[in-house]
Structures are given as C-alpha cells and as structure tokens.
1. With the checklist (1) closer than 21 Å to residue 217 by Cβ; (2) out of contact with any Ser or Thr (no Cβ under 7 Å at 6 or more places or on another chain); (3) open to solvent by less than 80 Å² (accessible area, probe 1.4 Å) in hand, flag the one item residue 103 doesn't pass.
2. Being out of contact with any Leu (no Cβ under 6 Å at 6 or more places or on another chain), of a type outside the set (A, V, I, L, M) and open to solvent by less than 50 Å² (accessible area, probe 1.4 Å) is the filter; apply it to the range 106-121 and report the residue that is nearest to residue 197 (Cα to Cα).
3. Give the residue, chosen from 84, 50, 30, that is at pLDDT below 95 and open to solvent by 40 Å² or more (accessible area, probe 1.4 Å).
4. So if I check each of 204, 195, 191, 183, which one is at pLDDT below 50 and either over 18 Å from residue 110 (Cβ atoms) or part of a helix (DSSP H, G or I) (or both)?
5. Only one of 64, 124, 110 is over 24 Å from residue 208 (Cβ atoms), hydrophobic (A, V, I, L, M, F, W, C) and in contact (Cβ under 8 Å) with a residue 24 or more places away in the chain. Can you tell me which?
6. So, residue 26, is that one under 18 Å from residue 222 (Cα atoms) and either in contact with an Asp or Glu (Cβ under 6 Å, 6 or more places away or on another chain) or charged (D, E, K, R) (or both) or not?
7. Taking only pairs six or more apart or across chains, which ones have beta-carbon atoms under 9 Å, a first residue in the range 12-32 that is assigned to a helix (DSSP H, G or I) and of a type in the set (A, V, I, L, M), and a second residue that is at pLDDT below 70 and open to solvent by 80 Å² or more (accessible area, probe 1.4 Å)?
8. For the range 64-78, what are the residues that are surrounded by fewer than 24 Cβ atoms within 10 Å (Cβ to Cβ), within 13 Å of residue 51 (Cα to Cα) and not charged (D, E, K, R)?
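The values are calculated or read from the model by the stated rules, or taken from the named source; none is laboratory data. All values derive from a computational prediction rather than experimental measurement. Reconstructed Cβ throughout: ideal geometry from the backbone, glycine too, with neighbour counts over all protein chains shown. Note: areas computed on protein heavy atoms with side chains; ligands, DNA, RNA excluded. Shrake-Rupley method; radii C 1.70, N 1.55, O 1.52, S 1.80 Å.
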Amino acid sequence: MSLDINKLEKELDEALAKETPETLEKFMIDERNKAMSNMNNLLKELNACDDAIQWAKDKTWNEIFETCHRGDWLLWLFKKTNPDNFKELTLAKGHCANTVRHLMKDERSIKAVDAAIAFGEGKITKDELSAAADAAADAAYAAAYADAAYAAAAYAADAADAAYAAAYADADADADAAYADAAAYAADAAAAAYAKKENQKLTADICRKYLPLEIWNVNNLITKP
C-alpha cells in the first residue's frame, strides 16, 4: 500500500495546530537538553579533557562547532570521531602548523608542514608524508643539543609535522608543543599567554574551514541507539 503524502502532511499540520506555544516551547527545550546531554556523554566516552567538557556542557554539537575557540580541541575531536578521514585531518593539521611556520628554524620541519598540506590535497603519497615526518623528527633530535631557543623552535616544528602531518600524536600535544615554541620567543608570560590564545582561535577557524560540519560523524555518534 502506497503512502498518501498529502494526507500525512495534512495530519501533521492538524497535530501542530493543536499544540500551544507553551507545549512547543517545552518540546524545544527538551530536545535541546537531550542534545546537550548526548554531546556531553560522548565527550566523556572519548575521554575529553575536563576543560573541554566543562566548556561544552551547556552547548549542542552545532554550537560547539560554531563557537569553539581552540583548534587543538577540534582537531582532537575530529580524530576521535572520524578515524577514516586521515587525509582531511592531515590537511587541517598542516594548515594549523603553518601558523607557526615563522618560528621554525630547520628547513626539514618547514618541508614537513608543506608535505602535510600536499598530502591533504592529494599531491603526494602517505609514504612521502611519513618520510617528511621522519626528517622533521631528526631535526628536533638534533636541535635538542643546540641552544634552548633553537631547540624550542625545532621541537615545535616536529610536533607540528609529526602530529599535524603524520598524526602520530594527539592534536592537543601537538598544539602544546607549537605554543611552547611561541612562548620561547615571547617577551614575557603575559605576551606568551596572549599569543597562545590568539593562535588557538586562529587554528579553530582553520579547522572550521578545512573540516566542515557536514563531514563530521558526531551526529551519528550522539544519536546511535
């Protein structure tokens, strides 16, 4: 038996007409609370950090995506919820790492960031990406025996590559290393904190650009039975 679409639409309209503004408002509030609760539970299941859970507790997934002020949080969440989207993740990480390019002192580290972007755009293979990551790791190891400022810069570059490009470490660890590099060059602690916060906002916008809402699996995870 085929469905009578016109009849169903009429019945729906009649049902909605019987609703009062109060019941509709209650329905919307209940749905929002349910969405927030489901998202909060997902973050806990994924072992998100306490700061992220606290910040997101009164937000739906769409609100989190649109207003998140930390790129490292978005990278971490995408890696957890979209394990099959390695290329997209690498592209976003590469562009995030590129924001501290000016602090990288070793050419191998800079090339590794370029490799991450190239891989994300489908221009090089995963083996070529891994080779670039290994080279950046070697640069960081050598820098450990150089002066402190040089070491900080190279280590940040390695973190940017190894995580942003090859995804060998969690995004929050990558970001911390990059920000540590920025701090080494900051005039004082206040300037370093400001630079870190501004970079977090910048990389959050980069994530929203290269990891658009429609490719995320979050909604599938929070609505699963």
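1. Status for residue 103: all satisfied but (1).
2. Per the criteria, the residue is 109.
3. Result: 30 is the single residue among 84, 50, 30 that is at pLDDT below 95 and open to solvent by 40 Å² or more (accessible area, probe 1.4 Å).
4. After applying the criteria, what remains is 183.
5. On inspection, the qualifying residue turns out to be 110.
6. For residue 26, the condition - under 18 Å from residue 222 (Cα atoms) and either in contact with an Asp or Glu (Cβ under 6 Å, 6 or more places away or on another chain) or charged (D, E, K, R) (or both) - is not met.
7. Listed by first residue and then by second, the contacts come to 24/16.
8. 68, 69, listed by residue number.
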